Amino acid sequence: MNIMFQVGSWHYDKGGTDLFVKTISYWLANKGHKVIVLAHRLEEEDCHSEDIKHNKGIIKVRYTPKQKKGLRFNPAVYLYRLLITSRYLFKIAKKEKAEVIVVGEPELLATLPLKLTNTKIVCRGGALMYETMKREIYKEKGPGLSSSIFISLMKIYNNLTLKIPDVMVPVNASEYQFLNKKKSSKAKIQTIPHGIKTNLFKPSGKRKNKKIVVGYVGRLAPIKYPERALSLFNQASKNQKTEFHWVGPLDPSLDKDYFNKLKDKLNIKNAKWVGQIKNTELPDYLNKMDIFLQVEQQTNVSRSTTEAAACGLPVVALNIGKEPYGFFTMSEEKALSELRKLIKDKKYRNKQSKMARKIILENYSEDKTYNSYLELFNSLRRPR
């Protein structure tokens, strides 16, 4: 089968959707399929198109022309990128006879010309566009006319383009409810969660650190609410031997002292920002933690949260989206109570750890979720 993906980055070590595309591409190629990946690149990025033969299949990585780093949240820059993406999506999909293409919400308009072909369009959830970008704009630019105009345009764009896909694939129940309301009446919808390499993301055994480490993995950015995470940690860990670790790259809009300034503001000394790490190092860093704290308050549930559960970390999440492997709530009081209990009660912490790992093995393994994708793709094939 010929399966195509559009993604932001291929050669660079990034997480989220980029990591999903890279892992499922190799999984599909290993099964003998042809995978075509269209990625973006900036002028300073040294990456080129290549064909990767993998077992019985092949991954064909192709790039749009190199682009200058544009202004964030600029409608003109965004439209230009969509036009370039659309041209290359159509050209490559037609040449490679792509039967299915998988894209995220931001790139949906670029797939419109593919409606003239036999290629089926699949929109994968995982980072709800309007919800996520609206928060980023307000956090970075603040309220104002330009922010309001961009958000209004983005909402219109989101509502219209969600009618384009033939299939919607949310990653959890909350996303399903949102996307089911927005999709075309003819479109199919199927929930498929994040797929995790359970032989890589797994508990490593006994830890050396005598302190209880509460941590989070993700970009250090206002949209991730680091101040709230530190505040909850500080309240829950009073008179306990604890540390807080934030693992992830710094958002370009912030200065290097951002995390230290938050610590000073909240009078917290037992917290550190680790910075960006390689994806291959992530299981080791997760296994240095005892509890995973996520306070994103969004419909999506991040991949790193599921990876943490796979490593046997009890999860406390202040979030709209929910997963069965952890404690998810939108009540700060309840989240604080659960975090405090996990810090103080080792038996309870161990119980929640085993529960998280068990649920991941049963429902979130890479083979299980990627087989679900393959079955979905096969169901979309036209009879020959």
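On the basis of being surrounded by 14 or more Cβ atoms within 10 Å (Cβ to Cβ), more than 30 Å from residue 159 (Cβ to Cβ) and in the same structural domain as residue 317 (by TED's automatic domain parsing), does residue 203 make the cut? Break it down into steps so the answer makes sense when it comes.
On the way: surrounded by 14 or more Cβ atoms within 10 Å (Cβ to Cβ): yes; more than 30 Å from residue 159 (Cβ to Cβ): yes; in the same structural domain as residue 317 (by TED's automatic domain parsing): no.
So residue 203 does not fit the description; no.
Among the residues of the stretch 168-190, how many are over 17 Å from the mean Cα position of the chain (by Cα) and assigned to a loop (DSSP other than H, G, I, E, B)?
Number of matching residues: 6.
Just to be sure I understand, how many residues within the stretch 191-225 are in contact with a strand residue (DSSP E or B) (Cβ under 6 Å, 6 or more places away or on another chain) and not in a strand (DSSP E or B)?
3
Residues that are touching a residue at least 40 places away in the same chain (Cβ under 8 Å) and hydroxyl-bearing (Ser, Thr, Tyr): find the strands (runs of 3 or more DSSP E) completely inside the stretch 7-118 holding 2 or more of those.
On the way: elements: 34-39, 50-54, 57-63, 100-103.
Qualifying strands (runs of 3 or more DSSP E): none found.
Listed residues 165, 252; which is under 19 Å from the mean Cα position of the chain (by Cα), on the phi < 0 side of the Ramachandran plot and of a type outside the set (S, T, N, Q)?
Working: 165 fails: under 19 Å from the mean Cα position of the chain (by Cα).
Sole residue among the options that is under 19 Å from the mean Cα position of the chain (by Cα), on the phi < 0 side of the Ramachandran plot and of a type outside the set (S, T, N, Q): 252.
From the set of residues in the stretch 336-358 that are surrounded by 17 or more Cβ atoms within 10 Å (Cβ to Cβ) and not basic (Lys, Arg), which is farthest from residue 204 (Cα to Cα)?
As a first pass, look at the stretch 336-358 and keep what is surrounded by 17 or more Cβ atoms within 10 Å (Cβ to Cβ): 336, 338-340, 342-343, 349, 352-353, 356-357.
Okay, now just the ones that are also not basic (Lys, Arg), so 336, 338-339, 342-343, 352-353, 356.
Working: 336: 27, 338: 24, 339: 22, 342: 19, 343: 20, 352: 16, 353: 12, 356: 15 Å.
Residue satisfying both the conditions and the ranking: 336.
Of the conditions (1) modelled with pLDDT under 85; (2) surrounded by 19 or more Cβ atoms within 10 Å (Cβ to Cβ); (3) in contact with a helix residue (DSSP H, G or I) (Cβ under 7 Å, 6 or more places away or on another chain), residue 134 satisfies every one except a single condition; which number is it?
(2)
Counting only residues that are at pLDDT below 95 and farther than 16 Å from residue 18 by Cα, how many does the stretch 33-44 have?
Within the stretch 33-44, the first condition is being at pLDDT below 95, and the residues that meet it are 39-44.
If we keep only those that are farther than 16 Å from residue 18 by Cα too, we end up with 43-44.
Residues in the stretch 33-44 being at pLDDT below 95 and farther than 16 Å from residue 18 by Cα: 2 in total.
Among the candidates 261, 256, 238, 269, which residue alone is in the same structural domain as residue 223 (by TED's automatic domain parsing), without any contact (Cβ under 8 Å) to a residue 24 or more places away in the chain and under 20 Å from residue 332 (Cα atoms)? Before the answer, list the steps.
Details: 261 fails: under 20 Å from residue 332 (Cα atoms); 256 fails: under 20 Å from residue 332 (Cα atoms); 269 fails: under 20 Å from residue 332 (Cα atoms).
Exactly one residue qualifies, and that residue is 238.
Take the residues in the stretch 323-335 that are crowded, with 17+ Cβ neighbours inside 10 Å and within 24 Å of residue 192 (Cβ to Cβ), then tell me which one is modelled with the lowest pLDDT.
Among those that are crowded, with 17+ Cβ neighbours inside 10 Å and within 24 Å of residue 192 (Cβ to Cβ), it is 323.
Taking residue 60 as the residue in question, decide whether it is farther than 28 Å from residue 306 by Cβ, surrounded by 19 or more Cβ atoms within 10 Å (Cβ to Cβ), of a type outside the set (S, T, N, Q) and modelled with pLDDT of 85 or more. Steps first, answer last, please.
Working: farther than 28 Å from residue 306 by Cβ: yes; surrounded by 19 or more Cβ atoms within 10 Å (Cβ to Cβ): yes; of a type outside the set (S, T, N, Q): yes; modelled with pLDDT of 85 or more: yes.
For residue 60, the condition - farther than 28 Å from residue 306 by Cβ, surrounded by 19 or more Cβ atoms within 10 Å (Cβ to Cβ), of a type outside the set (S, T, N, Q) and modelled with pLDDT of 85 or more - is met.
Just give me the residues in the stretch 47-58 being touching a His at 6+ places or on another chain (Cβ under 8 Å) and either within 12 Å of residue 26 (Cα to Cα) or among the charged types (D, E, K, R) (or both), in sequence order.
Our first condition is that a residue be touching a His at 6+ places or on another chain (Cβ under 8 Å); within the stretch 47-58, this holds for 47, 57.
Of everything in the stretch 47-58, just one residue is touching a His at 6+ places or on another chain (Cβ under 8 Å) and either within 12 Å of residue 26 (Cα to Cα) or among the charged types (D, E, K, R) (or both), namely 57.
Listed here are the residues, each with its yes/no results for (1) closer than 27 Å to residue 80 by Cα; (2) acidic (Asp, Glu).
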residue: 19; (1), (2): yes, no
residue: 22; (1), (2): yes, no
residue: 33; (1), (2): no, no
residue: 36; (1), (2): yes, no
residue: 45; (1), (2): yes, yes
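Do any strands (runs of 3 or more DSSP E) entirely within the stretch 259-374 hold 1 or more residues that are closer than 20 Å to residue 18 by Cα, and if so, which? Step through it out loud before you land on a result.
Numbers: elements: 271-275, 291-294, 315-318, 327-329.
So the answer is 271-275.
The values are calculated or read from the model by the stated rules, or taken from the named source; none is laboratory data. The structure displayed is predicted, hence computed values, not measured ones. Note: ideal-geometry Cβ built from the backbone for every residue, glycine included; neighbour counts use all protein chains shown.
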